[in-house]
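Here is the structure we will look at.
The values are calculated or read from the model by the stated rules, or taken from the named source; none is laboratory data. The structure displayed is predicted, hence computed values, not measured ones. Using ideal geometry, Cβ is built from the backbone for each residue, glycine included, and neighbour counts are taken over all protein chains shown. Areas reflect the complete protein model, heavy atoms only, side chains present, ligands, DNA and RNA absent. Shrake-Rupley method; radii C 1.70, N 1.55, O 1.52, S 1.80 Å.
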Amino acid sequence: MEIEVFPIGGYSYIGKNMSAIRIDDKIIIIDIGINVDKVSQFGEREDITNKPLKELYDLDIIPDDSILENYKDKVKAIILTHGHLDHIGAVNFIAPKYNVPIYASPYTIELIKQQEKEYGIILPNDLKKISPNSSIKISEDISINFINITHSIPQSLMIDIQTNKGHIIFSGDFKFDNFPIIGKKPDKEKLKKIGKEGVLLLICETTRVEENSKSQSEIIEKYMLYDVLHSIDTKGIIITTFSSHIARLKSIIELSKEINRKPIFIGRSLGKYISAAENINLYNFSKEAEVYFDPRDYKKVLERVEKNKEEYLLIVTGHQGEPGSILDRLARGEYNFDLSNTTVIFANNIIPHPINEANRKILEERLKRRKAEIIKDIHVSGHGKSQDHIMLLKMLNPEYIIPNHGDINKKASYYNIASDYGYTLGEDIFFLEDYQRKIFNI
Ligand SMILES: [Zn+2]
């Protein structure tokens, strides 16, 4: 049997993730993301839909899949691991080239449907909702098993391509969260069983692998926020966090009730991820909170909050300092909203990129000028750290490993761990750059 890995995006740096795996004459595509950092340079995401496909490739915004040009008829399925933009943001541009179904969890499929509206590009592909711990058959000798895993967006999946000769595991973004706020714990039993059956190849993310620790559970985040909220003595409280982090948004609602404040969500991207969650009955935000994502409503609701700040907890967009976000507009004074006697909590980290760092610096300076108090970095990561990776390695015991979702430093950090478990660079662990194909004869 021949296994070939096509590293199309996400192997040289984080962003525009796309992989293809060939098993003899059948190819599975996994994830088709955008380069979020590059898009943010163009302002609103909609702007990119007007650009011709070639320009999007040239600008490095979407993965360049020309490497698959001669293999199109061999592609059997597109699989999406989870709904973050660096994993699904370019699906609408690239998936139509392949006449195959797209398989993803219900939440991810909802986000794809939202993207169809946003981009104005309806996908000709069949959208197939699959539940975690289910399987599909690609051919007589290849099935794909979807394994429930925890990350920072609901219904994330690890992908197991099962062949006659063993398993190929694609980790997707993951951490081992033993106390997730939404969804089930990772299916460790299944991973151990797969490990015993024999794993030929593990393709593994490395985003936080250099941190010599265990990734903290989202329940720790809830306690951190609980603690912070109890230490605040200002009238106004504003929290900003990742709009796609549905579990964290749910925690914030529960905590705001604890401190007798009514939660109000404001911002377009919050609206997008919240309505996707409501569409599949993941959590009913509208029942527990007020949610505003139409800009025509913002002024009125903020005027109401302004009058009785102590009664509300505002959750807004703008954690990376994005120009045009609600927090950016509040900081610029666009809404006539007094920020003195108000605490702004950043329940996120800054995604490392010069643009984000500059935007956040400007935002914080503006907030301070308006006399807001700032509490930063109330955040636990959605990515596995060294201990999570060790756990996965021990459970799967793969024959070969390809670290991805990071640059050479991340891969080297991964190698540091793997070498303790007997792996040798160039023999059974391989560093691939984007477009650098690798064949295994099994
Ligand atoms: Zn992710």
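Out of all the residues in segment 142-158, which are hydrophobic (A, V, I, L, M, F, W, C) and either within 16 Å of the ligand (Cβ to nearest atom) or touching a Pro at 6+ places or on another chain (Cβ under 8 Å) (or both)?
PHE146, ILE147, ILE149, ILE153, LEU157, MET158, listed by residue number.
Can you tell me how many residues in segment 407-437 are touching a residue at least 24 places away in the same chain (Cβ under 8 Å) and at positive phi?
Count: 1.
Could you grab the pairs with beta carbons closer than 9 Å, sequence gap of 6+ or different chains, first residue in segment 303-322 and of a type in the set (Phe, Trp, Tyr), second one open to solvent by less than 10 Å² (accessible area, probe 1.4 Å) and not in a helix (DSSP H, G or I)?
These pairs meet every condition: TYR312/GLY236; TYR312/ILE237; TYR312/PRO263; TYR312/ILE264.
In segment 299-326, which residue that is open to solvent by less than 10 Å² (accessible area, probe 1.4 Å) and not in a loop (DSSP other than H, G, I, E, B) is farthest from ILE238 (Cα to Cα)?
VAL301
Go through segment 227-253 and give me each residue that's part of a helix (DSSP H, G or I) and either aromatic (Phe, Trp, Tyr) or over 23 Å from the mean Cα position of the chain (by Cα) (or both).
ASP227, VAL228, LEU229, HIS230, SER231
Looking at segment 130-141, which of its residues are closer than 11 Å to PRO101 by Cβ and open to solvent by 60 Å² or more (accessible area, probe 1.4 Å)?
Selection gives nothing.
Pick out, from segment 48-141, the helices (runs of 4 or more DSSP H) lying fully within it that include 1 or more residues that are within 16 Å of the ligand (Cβ to nearest atom).
Working: elements: 53-58, 85-88, 91-94, 106-119.
So the answer is 85-88, 91-94, 106-119.
Report yes if ILE259 is open to solvent by 10 Å² or more (accessible area, probe 1.4 Å) and closer than 20 Å to MET224 by Cα, otherwise no.
yes
Conditions tested, residue by residue: (1) over 30 Å from ARG360 (Cβ atoms); (2) at pLDDT 95 or above; (3) touching a Leu at 6+ places or on another chain (Cβ under 9 Å).
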| position | (1), (2), (3) |
| --- | --- |
| GLY43 | no, no, no |
| LYS54 | yes, no, no |
| ILE79 | yes, yes, yes |
| THR108 | no, yes, yes |
| LYS113 | yes, yes, yes |
| LEU123 | yes, yes, no |
| ASP126 | yes, yes, no |
| ASN145 | yes, yes, no |
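Looking only at segment 68-91, decide whether some residue is out of contact with any Gly (no Cβ under 6 Å at 6 or more places or on another chain), loosely packed, with under 15 Cβ neighbours inside 10 Å and hydrophobic (A, V, I, L, M, F, W, C).
Among the residues of segment 68-91, not one is out of contact with any Gly (no Cβ under 6 Å at 6 or more places or on another chain), loosely packed, with under 15 Cβ neighbours inside 10 Å and hydrophobic (A, V, I, L, M, F, W, C), which makes the answer no.
For ILE161, which of the numbered conditions (1) within 16 Å of the ligand (Cβ to nearest atom); (2) part of a strand (DSSP E or B) fails to hold?
(1)
State all residues of segment 263-283 that are touching a residue at least 40 places away in the same chain (Cβ under 8 Å) and touching a helix residue (DSSP H, G or I) at 6+ places or on another chain (Cβ under 6 Å); if no residue qualifies, say none.
Correct list: PRO263, ILE266, GLY267, LYS272, ALA276, ALA277, ASN279, ILE280, TYR283.
Within segment 262-295, count every residue that is open to solvent by less than 30 Å² (accessible area, probe 1.4 Å) and in a loop (DSSP other than H, G, I, E, B).
The qualifying residues number 2.
So that you can scan it fast, the table gives a plain yes or no per residue for (1) closer than 21 Å to LYS26 by Cβ; (2) open to solvent by 40 Å² or more (accessible area, probe 1.4 Å); (3) assigned by TED's automatic domain parsing to the domain that holds GLY83; (4) of a type in the set (D, E, K, R):
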site: SER143; (1), (2), (3), (4): yes, no, yes, no
site: HIS151; (1), (2), (3), (4): no, no, yes, no
site: PRO154; (1), (2), (3), (4): no, no, yes, no
site: THR163; (1), (2), (3), (4): yes, no, yes, no
site: PHE170; (1), (2), (3), (4): yes, no, yes, no
site: LYS175; (1), (2), (3), (4): no, no, yes, yes
site: ILE181; (1), (2), (3), (4): no, no, yes, no
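If ASP233 satisfies every condition in (1) open to solvent by 30 Å² or more (accessible area, probe 1.4 Å); (2) touching a residue at least 24 places away in the same chain (Cβ under 8 Å) but one, which is the exception?
(2)
Being more than 15 Å from the ligand (Cβ to nearest atom), at pLDDT 95 or above and in contact with a Cys (Cβ under 9 Å, 6 or more places away or on another chain) is true for just one of ILE181, ILE219, ILE169, ILE238. Which residue is that?
ILE169
Would you kindly identify the strands (runs of 3 or more DSSP E) lying entirely within segment 327-425 that contain at least 1 residues that are open to solvent by 40 Å² or more (accessible area, probe 1.4 Å)?
Correct list: 373-375, 400-404.
All but one of (1) part of a loop (DSSP other than H, G, I, E, B); (2) under 30 Å from ILE21 (Cα atoms); (3) in contact (Cβ under 8 Å) with a residue 40 or more places away in the chain hold for LYS185; which doesn't?
(3)
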